[in-house]
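The values are calculated or read from the model by the stated rules, or taken from the named source; none is laboratory data. Please read all numbers here as calculations on a predicted model, not as lab measurements. Using ideal geometry, Cβ is built from the backbone for each residue, glycine included, and neighbour counts are taken over all protein chains shown. Heavy atoms of the whole protein, side chains included, go into the accessibility calculation; ligands, DNA and RNA do not. Shrake-Rupley method; radii C 1.70, N 1.55, O 1.52, S 1.80 Å.
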Amino acid sequence: MKVQKCSNKVEGRPSTKPASRATLRILVADDHLVYRMGIRSLVGNEPGMKVVGEATDGASAIELYRKLQPDVMLLDLRMPQKGGIDVVQTIRAEFPEARILVVTSYQTEEEIYQVLRAGALGYILKDMGREMLIEAIQSVQAGMRWVSPTIQRQFAERSVRETLTPREVEVMRLLAKGLTNREIANVFNIAESTVKNHVNSLLAKLDVSDRTEAVTLCLMRGIVKLEDL
C-alpha cells in the first residue's frame, strides 16, 4: 500500500532480533503536538522506556510502524487521513503480534468495541493518571489486554447485546437524518416493507420504543456520529 511520505521524528532502527530489549521502544501517533510532547516527557522520565518515533496522522503512523516496529504503539483514535480503527487493522494484518494501546479522548461504546475487535490490546483515556498509563503500556507490551474498569464494563455490556447488521446501521443513520421509510427504500432501491422490517428489528435489538429514542441511544453509543447527520 502506498503511503504518503512524512517528516515525523524517528530515532534509532528496528531490531532484527525478536528477543526482548532492555529499553521498551514506543511509537506515539497523535495529531496534537502538545500531547506528543507530554508523552515524550513522561516516557523520558520513566526508566526503561523511550519514545523512538512520532506520527501526526494515520498514514504516517502505519509507515513509521513498518520502519521502526516498536514494542508498543500509542495511538489516538481520531486522526487525519486514516482513523485509529483503520490503522489498527492495517498494522495487525501485517504484524499480527503488534502491541497497540489506544490513548484517546473519546469513549463511545461502538468505537471501543470496534478498535478492540480490530486488534488493539488496550484502550485508555487521555485524562488517566501517569501511573495508570505506565501500567497500561507495560501490560500491553507483555501481550495482555488492558482497559480501564469503566471501559471494561461498557465492553462487557456491549458484547452480550445483539449487534446491529451493517444494513441496520445504514438504516439507523438515515433515520437519524430524518428520512422516512419510503425515502430510505428509495435510497437502497428496496421495498418499503423491507425497510419497516429493518426498523422494527433495530428497535427490538436496542430495546427502545421509537425512532427518536433509537437515534438518541445510537448517538450515545457512537453507532451514529454527529458528523453523520
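For a quick check of your reading: which strands (runs of 3 or more DSSP E) sit entirely within region 17-78 and have at least 1 residues that are among the small types (Gly, Ala, Ser) and in contact with a helix residue (DSSP H, G or I) (Cβ under 8 Å, 6 or more places away or on another chain)?
24-29, 49-55
Answer yes if at least one residue in region 34-50 is open to solvent by 40 Å² or more (accessible area, probe 1.4 Å), under 14 Å from the mean Cα position of the chain (by Cα), closer than 21 Å to Val147 by Cα and not polar (S, T, N, Q), and no otherwise.
No: region 34-50 contains no residue that is open to solvent by 40 Å² or more (accessible area, probe 1.4 Å), under 14 Å from the mean Cα position of the chain (by Cα), closer than 21 Å to Val147 by Cα and not polar (S, T, N, Q).
So which residues in region 198-219 are more than 17 Å from Pro166 (Cβ to Cβ) and in contact (Cβ under 8 Å) with a residue 12 or more places away in the chain?
If the condition is that a residue be more than 17 Å from Pro166 (Cβ to Cβ) and in contact (Cβ under 8 Å) with a residue 12 or more places away in the chain, then Arg211, Val215, Leu219 are the ones that fit.
Is it the case that region 76-84 has a residue that's open to solvent by 50 Å² or more (accessible area, probe 1.4 Å), basic (Lys, Arg) and at pLDDT below 90?
Scanning region 76-84, I find at least one residue that is open to solvent by 50 Å² or more (accessible area, probe 1.4 Å), basic (Lys, Arg) and at pLDDT below 90, so the answer is yes.
For region 106-144, which positions are buried (at least 18 other Cβ atoms within 10 Å of the Cβ) and aromatic (Phe, Trp, Tyr)?
Tyr113, Tyr123
Mind checking which pairs have a first residue in region 102-120 that is free of Cβ contacts under 8 Å to residues at least 40 places away in the same chain and a second that is of a type in the set (S, T, N, Q), Cβ under 6 Å, 6 or more apart or different chains?
Ala118/Gln89
In this structure, does Phe155 turn out to be surrounded by 13 or more Cβ atoms within 10 Å (Cβ to Cβ), of a type in the set (Phe, Trp, Tyr), in contact with a helix residue (DSSP H, G or I) (Cβ under 9 Å, 6 or more places away or on another chain) and at pLDDT below 90?
Here the answer is yes, as Phe155 does meet what is asked.
Do we have Met73 as touching a Phe, Trp or Tyr at 6+ places or on another chain (Cβ under 7 Å) and open to solvent by less than 50 Å² (accessible area, probe 1.4 Å) here?
Yes, satisfied.
Would you call Ile91 open to solvent by less than 10 Å² (accessible area, probe 1.4 Å), assigned to a helix (DSSP H, G or I) and out of contact with any Cys (no Cβ under 7 Å at 6 or more places or on another chain)?
yes
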